[in-house]
Amino acid sequence: MKCNCLTALLTGVLAIVVSFNAVAQQDSVKASEANANPKGYLVGGITFTRFDIGFTRLVDNGSFTLSPTNDFLEYKEFKSSTVSFDVLDYGYRFNSNFKIYLAAGLDWTMLRLKKNITMKRNTDVLDYDPESGIEFSKNRFSSFYVHVPLGFQFRTNENANGKRFYFVVSPEVSFLINGKVKQKSEENGKQKFRDDYNFEPVRLGGSVRLGYGWIGLFSKYYFNDMFDSAPQAGLKNMSFGVSFGLN
């Protein structure tokens, strides 16, 4: 089983690398066309790009320290993560150095909770049940969104190695698919629960990316509250990490 999982993982990573390389080659060809055509051209289609993986942090009314109202959401900082990628990308490249695009993709935010609690489902506000006598080895509380970013990409000319530096700023809107609790304990084994958990149904945010070649760094911040729940007013989230595929 471990061997099969490792093979699948390596195959997936290889597929991602090949995909990024193909996108980079296509973009290089398009860049040559842009130099020949100063009026620019349309770009886009089905793709796999801007694969972001990193850490997530909560911001409670401007502070990284959770207030007493929200301390039940205390989480493991370096085990709470975010993963996202784009699968559709349509835009217009004005020239070799500037492009505007509208994309669509998927976004997960995953909090590794420290406390032995279970988030309640079908409630008007975010709430939880304390689990007396149960020790969770995993207690993950996550949200799943479809996001639609509007990107403004700036890049330098190719250097001697055929690579460029990138700067991308992207406001975005996201739509909630669902929330999820995934737990693991000796008493109950593995359990999964789904609900909206009062996550904000429409999320507004933005991202910044700095990169070289097909790899870079990203940071995201969401301007409205993380939850559509009055006691959690002012609780927002942000993330940062590594981004693959900036072409």
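For (1) in contact (Cβ under 8 Å) with a residue 12 or more places away in the chain; (2) over 15 Å from residue 117 (Cα atoms); (3) within 22 Å of the chain's Cα centre (by Cα), each residue gets a yes or a no:
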| residue | (1), (2), (3) |
| --- | --- |
| 154 | yes, yes, yes |
| 163 | yes, yes, no |
| 167 | yes, yes, yes |
| 174 | yes, yes, yes |
| 178 | yes, yes, yes |
| 187 | yes, no, no |
| 191 | no, no, no |
| 195 | yes, yes, yes |
| 199 | yes, yes, yes |
- prompt: Can you tell me which residue in the stretch 67-85 is nearest to residue 246 (Cα to Cα), limited to those that are without any contact (Cβ under 8 Å) to a residue 60 or more places away in the chain and assigned to a loop (DSSP other than H, G, I, E, B)?
  reply: 80
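May I ask you to list the residues in the stretch 192-203 that are assigned to a strand (DSSP E or B) and either surrounded by fewer than 13 Cβ atoms within 10 Å (Cβ to Cβ) or among the hydrophobic types (A, V, I, L, M, F, W, C) (or both)? Quick ask: steps written out before the conclusion?
First, pick out the residues of the stretch 192-203 that are assigned to a strand (DSSP E or B): 192-195, 199, 202-203.
Within the stretch 192-203, 192, 193, 199, 202 meet the criteria.
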Test set (1) in contact (Cβ under 8 Å) with a residue 40 or more places away in the chain; (2) open to solvent by 70 Å² or more (accessible area, probe 1.4 Å); (3) in a strand (DSSP E or B) - residue 115 fails condition number: (3)
query: Quick check, is residue 226 open to solvent by 30 Å² or more (accessible area, probe 1.4 Å), closer than 15 Å to residue 110 by Cβ, under 15 Å from the mean Cα position of the chain (by Cα) and of a type outside the set (Gly, Ala, Ser)?
result: no
field: Hits in the stretch 162-189 (condition: surrounded by 15 or more Cβ atoms within 10 Å (Cβ to Cβ) and of a type in the set (Gly, Ala, Ser))
entry: 170, 174, 179, 185
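The values are calculated or read from the model by the stated rules, or taken from the named source; none is laboratory data. Computed from a predicted model, the values in this text were never measured in an experiment. Virtual Cβ from ideal backbone geometry, glycine too; neighbours counted across all protein chains shown. Note: areas computed on protein heavy atoms with side chains; ligands, DNA, RNA excluded. Shrake-Rupley method; radii C 1.70, N 1.55, O 1.52, S 1.80 Å.
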